[in-house]
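These notes are about the structure you will find just below.
The values are calculated or read from the model by the stated rules, or taken from the named source; none is laboratory data. Just so it is clear, the model here is predicted, and its values are computed rather than measured. Reconstructed Cβ throughout: ideal geometry from the backbone, glycine too, with neighbour counts over all protein chains shown. SASA here: full protein model, heavy atoms, side chains in, ligands and nucleic acids out. Shrake-Rupley method; radii C 1.70, N 1.55, O 1.52, S 1.80 Å.
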Amino acid sequence: MDEASTSRRTVLRAGLLGAAGAAGLTACSPKKPAAGGSAAEAATGSGPGAATSRTAAASASSAPTPPKAADWAALGKDLDGLLIRPGDSRYSSARKLFQPQYDKLAPSGVVYVDGAHDVATCLAFARRHNVPVTARSGGHSYGGWSSGSGLVLDVSRLATVSAAGGGATVGAGARLIDVYTGLAGHGVTVPAGSCPTVGVTGLALGGGVGVTGRAYGLTCDNLTGAEIVTADGKTRRVSSGSDPDLFWALRGGGGGNFGVVTSLSFRTHPAAECSYAFLSWPWSKAAAVIRAWQAWAPSAPDNLWADLHLLVWADGRTQLGTTVNYLGPAHELSTQVDRLAVAPAGYTVHTRSYLETMQVMGGVLGWTEAAAHLPGSLPGQRPSGKITRESYGAKSDVFTRPLSAAGAAALVAAIERYPRTGPQGGSAGVAFDALGGAINRVRAGDTAFVHRDGLFLAQYTANYPAGVIGGSGADRSWSWLNGVWTSMRPYSSGQAYQNYIDPRLSGWEQAYYGANAARLRTVKRGYDPTGLFHFPQSVPRA
């Protein structure tokens, strides 16, 4: 393998040999003048002077009434940001998520908020008219749950990145490529994922497994504070010393559960030069490589991260390899690779800056920052964007013990079934991410992210054939997914990664949150007692 055929989630999505792809902050306009305020502000209690709490009008009002055209117009005038409604020429683009399979979702309105004031105004509107409300950052929700039938609050306008004194302030709408690029100018970084268009907020709120997590911890482990507007319209600046229970929940409790985050504060780390390599083996060695990799990567020095990917295509092609990244010199990485029990079929070690390495991991090396976005002119997009949207299904497991010989053989057999059961033109794969290191040195109850005993995280992905968003192509993809996941039941822990949210997972609350589920319910009742923020797998209130 080389720099143009890497691994992780992007390769699993793209399903292309030689694909260029790996694996896989707040700017607010001035507030409106305090004198008078608008009619909508007066009706909802969302105007100046109500910045800390806007619940009075909602609780005193009569039964909600469906919004009329005039109500929507008043909302739009009340905002510093942008409201897009059906009929607007921009609506078709504004309503779309990353996966085309969710293009039929038709929200009543999409607001590109310009700060906490806009969020509070929208929440007051939603309460007054009983309109469902959904928060959206990057739009990568596997279940399509960053959209819906009501009001979508998109934070993409809030994308500034700054750093000073060992910390960073990141707008909630920044994409990972924005974060990496913005912080690189300061010589620092925060640990995050590889897909360039993923929103930093969704990643951080659900945990944040990434390329440097074994050295620096999860994205959520490096969160030191957040600005969030809760269901009552109150803007809260949470940290370990302010609303500590909510701060605890935001570190791994999942996005969209407790409010709309508008800004994040992180602890930063040096953006050190990296060494990396792509290793490959013949498919015939797959079971042996699985066992060798799991004995090696999760217990390697913290500076090393490695995935393992096993890819398959409908025409019978397979690919077996690993991407290895090391925060250190090339000769040390080579020494670590030499400790693998099954030697790869030759490899080359590359050395690049931290930013270039993250571009490699995201499949955008040599691209401009603007190109590493979706194309378009709306917030979060760029006219020169080159990222393409794709539909896929996915499931996950957290493995807390090594796969036995029987387990490795069962996994290989399940992957090999894909050409017989998957749709023509499709592709699929399984990717392991090494855990351990700094990730596992945090106690399970210290943050809402409970998966602190894992050896590695497994993601099973089935990529729909080009142009497929449903029907038999999607059904056959999911049939294979369910089959490979079922094959791993005797060997897995029963835990699943909440950022790989799985709309078909039963027992999801226990799988995502384990022993932390009860405390998360308590936080949910305290900050969202009426369930304003609700989707099929939102944290329950009771």
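Structure values in brief
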item: Residue-averaged 222 nm ellipticity for the chain, from DSSP H runs of 4+ at -39500 (n - 2.57), nearest 500; result: -7500 deg cm²/dmol
item: Highest average packing first - 520-531, 432-443, Cβ atoms within 10 Å; result: 432-443, 520-531
item: Packing-based ranking, highest mean first, of 157-165, 307-315 given that Cβ atoms within 10 Å are counted; result: 307-315, 157-165
item: ³J(HN,Hα), Karplus 6.51/-1.76/1.60, whole Hz, each residue of the stretch 188-195, x for Gly, Pro; result: 10, 7, 10, x, 7, x, 10, 6
item: In sequence order, calculated HN-Hα J values of the stretch 94-102 (Karplus, 6.51, -1.76, 1.60; Hz; x Gly/Pro); result: 5, 7, 7, 9, 5, 8, x, 4, 9
item: Accessible surface of the chain [probe 1.4 Å, protein heavy atoms]: carbon and sulfur percent; result: 53
item: Charge context of S93, other residues only, Cβ under 14 angstrom, K/R +1, D/E -1; result: +4
item: Derived scalar couplings ³J(HN,Hα) [the stretch 130-145; Karplus, 6.51 cos²θ - 1.76 cosθ + 1.60; whole Hz; x for Gly, Pro]; result: 6, 9, x, 10, 9, 8, 9, 10, x, x, 9, 3, 4, x, x, 8
item: The stretch 242-364: relative contact order as a whole-number percent, Cα under 8 Å and 6+ apart; result: 35
item: Inter-label distance for D453 and T224, nm, one decimal - labels placed 7 Å from Cα along Cα-to-Cβ; result: 3.2
item: Relative contact order (%) - criterion: Cα under 8 Å, at least six apart; region: the stretch 426-475; result: 47
item: Surface per residue (accessible, 1.4 Å probe) for the chain, Å²; result: 35
item: Overall form of the stretch 308-388 per C-alpha gyration tensor (a/c, 1.5; a/b vs b/c); result: oblate
item: Beta bridges by DSSP in the chain, antiparallel share as percent, to the nearest 5; result: 85
item: FRET efficiency for T368 and Y91, using Cβ-Cβ distance with R0 set to 41 Å, rounded to 0.05; result: 0.90
item: Where GluC sites (Glu not before Pro) fall in DSSP loop in the stretch 363-432, at most 12 other Cβ within 10 Å; result: none
